[in-house]
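Computed from the coordinates by the stated procedures, all read-outs in this text should not be read as laboratory data. These numbers were taken from a predicted model, which means no experiment stands behind them. Note that we place each Cβ from the backbone using ideal geometry, even for glycine, and neighbour counts take in every protein chain shown.
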Amino acid sequence: MKKRALSVVLSAAMVAAMGVPAYAESTEASTEGAGSGVVEVAKNDLAYKGSLDIMHFSTSEESQANGGSDGFRTTLAAWEDAHPDISVEENVLANAEYKTQVATLAAAGDLPDVFLLQGMNTKQWAAQGQVMDLTDIIKASPYYKDYKQDYFTPFKDGDKIYGFPVLTGGTCTVVIYDKAMWKEAGFDKFPETWDDVEKASDYFNGKGVTTIAFGNGGQWQANSDFLSTLGDRYTGKEWFQSLIDGSGSKFTDDKFVAALTEMKHLFTETKIFNEDFNSVTNEDAREYYISGDAAAFIGGNWDESYIATTLLDSDKDKYNNIGFAVLPQPADATEDPNSQNIGLGYAVAINPKVADDKDKLAACIDLAQELTGPAFASYVASKYALGGLTQVADVDLSAFDQVTQDFYNYSYVDTTPCEIYDSYINSAVWGVCNQELQSMMNGEMEPQQVAEDVQKAYEENYLSSSQTETEAS
């Protein structure tokens, strides 16, 4: 066989601790249904003949209801078919496992040839020499003029760029609600304020229905799917940019503590959310919405894809009643009430060691360009009404049903983008934040203490390393 999929064997204890299934993918699973005619990649004449390692998290299970992952796998399969003399060895893991394993490999200096770089690891791994500087390579790409430049931001350190942003640009915070259920509760559309959501919860709780389903069992969901949009409503965008730049903002600033205070109030003092929100994952919580046990759900674009796909197959009426809304506005928030966090959280990166073989490097660059170029972009635009790094002109929304059109407009037209917190800074800071957010949402910690602990982690793990890098340069 031309391709060989690798698997990482995790101990049973590690798997149980992470709450994710351990499985290895076969080559057949990774290419099933993705023939060479599905996507047309550039058939560049590459001199390299040999093996190329790539590590990613677009599993066959995820791709069944995730347009970005389906596009990634389909484009990768097309590239492999176009280059039969290159043996692509895939290491495919579920997302949570991927984050753990890629960090382990980075710490050991043993990253694969090509891998997916998370934005928050960019500065640290660049300083350690773990990722190749792709600035000139990206600017020389034949697709460069069509790249959405804002998507490169999480993968920059100064003026240097370390990855091709990959997958689809999708929101991490969308309220998905059942329009019929909310109409019965007296709302023609989803409420614009949390005060009105609290009023609606009286009605839904009386019916034995959860008002909004949410899952933070993986700890990251409270940050990515909630706080980075809620925080923007209190702080505005310049505050977070200052944190990224290390130019003065602090997690202990009053306006950020106010966001934490509101978050604690919503999860501990109201009856809006399911009681088990801190023990179930987003995958579990969205099932509450699908089954009708919850009138709304908060999650990311990947959750929307799964919900829409599932309901389209199982409950057409409920599918046609899907509505989308931004996070409601808190009473004391003064910034943009229409914001939602959107971006590309990962980029295709290349191990600097590959540069020792110029032909292999050329193959890795070609693969990165195609995985994020017009072949991928055209596929996800025409099949899912989604966008990636490369812009596609004249997306014809008339080919899609109303739900798909509504989500496209929610994502790219009708709302104001803000940043996804954990696409920036680094994992050491967000590790502290995510763990303590969970404790705060359980009523076990106060917002001020969370802010102080996260600020300490920020100073020790981000500001100090940035200062060291500046002095070294």
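Against the longest alpha carbon principal axis of the chain, how many degrees, from 0 to 90 and to the nearest 10, is the axis of helix 301-314 turned?
The answer is roughly 80 degrees.
Just for the Cα atoms in the range 114-215, what are the lengths along the principal axes, largest first, rounded to whole Å?
59, 30, 23
How much length is gained on full extension from Q402 to S427, taking 0.36 nm per residue of separation minus their Cα-Cα distance?
Values: separation 25, 0.36 × 25 = 9.00 nm, distance 3.83 nm.
My answer for the length gained is 5.2 nm.
Can you list the residues, at least 5 places off or on another chain, whose amide H is less than 5 Å from the amide H of T193, using H built in the peptide plane?
Amide H neighbours of T193, under 5 Å, 5+ apart: Q329.
Using a 7 Å offset from the Cα along the Cα-to-Cβ direction at both D315 and S247, what is the distance between the two label points in nm, to one decimal?
Label-label distance for D315 and S247, simple model: 4.8 nm.
To the nearest 20 Debye, how big is the dipole of the chain about its Cα centre, given +1 on the beta carbon of each Lys and Arg and -1 on that of each Asp and Glu?
640 debye
Can you give the local net charge around F240? Use residues other than it whose beta-carbon is closer than 9 angstrom to its beta-carbon, Lys and Arg +1, Asp and Glu -1.
Working: positive: K237; negative: D232, E238, E419.
Cβ neighbours under 9 Å give a net charge of -2.
Please give the FRET efficiency for T193 paired with D357, using the beta carbon to beta carbon distance and R0 = 56 Å, rounded to the nearest 0.05. Walk me through the intermediate numbers first.
Working: r = 59 Å, r/R0 = 1.04.
Working from the Cβ atoms, E equals 0.45.
Can you give the local net charge around S69? Use residues other than it whose beta-carbon is closer than 10 angstrom to its beta-carbon, Lys and Arg +1, Asp and Glu -1. Provide the component values of the computation, followed by the final result.
Numbers: positive: R73; negative: E61, E62, D70.
Local net charge: -2.
In degrees from 0 to 90, rounded to the nearest 10, what is the angle of the helix 427-441 Cα long axis to the longest principal axis of the chain?
Here the helix axis deviates by roughly 20 degrees.
Excluding residues fewer than 8 places away in the same chain, name every one of the aspartates and glutamates whose C-alpha is closer than 19 Å to that of K43.
E80, D81, D85, D359, D366, E370
From the phi of every residue in the range 265-281, what ³J(HN,Hα) in whole Hz does the Karplus formula 6.51 cos²θ - 1.76 cosθ + 1.60 yield, where θ is phi - 60° and glycine or proline is x?
4, 5, 8, 10, 10, 10, 10, 6, 9, 4, 4, 9, 4, 8, 10, 9, 8
Cβ under 10 Å from F251's Cβ, F251 left aside: what net charge do those residues give with Lys, Arg +1 and Asp, Glu -1? Kindly include the intermediate steps, with their values, before the conclusion.
Numbers: positive: K250, K456; negative: D253, E452, D453, E459.
Taking every other residue near F251 into account, the sum is -2.
Take N338 and K43, extend 7 Å from each Cα along the Cα→Cβ direction, and tell me the distance between the two endpoints in nm.
Each label point lies 7 Å from its Cα, and together they span 4.7 nm.
Just checking my list [x] 72, 49, 46; [y] 86, 60, 39; [z] 67, 55, 46 against Cα extents along the principal axes in Å computed from this structure; which label fits?
Recomputing Cα extents along the principal axes in Å here gives the entry labelled [z].
Using the alpha-carbon atoms, what tilt in degrees (0 to 90, nearest 10) does helix 95-107 show relative to the longest principal axis of the chain?
For helix 95-107, the angle is close to 50 degrees.
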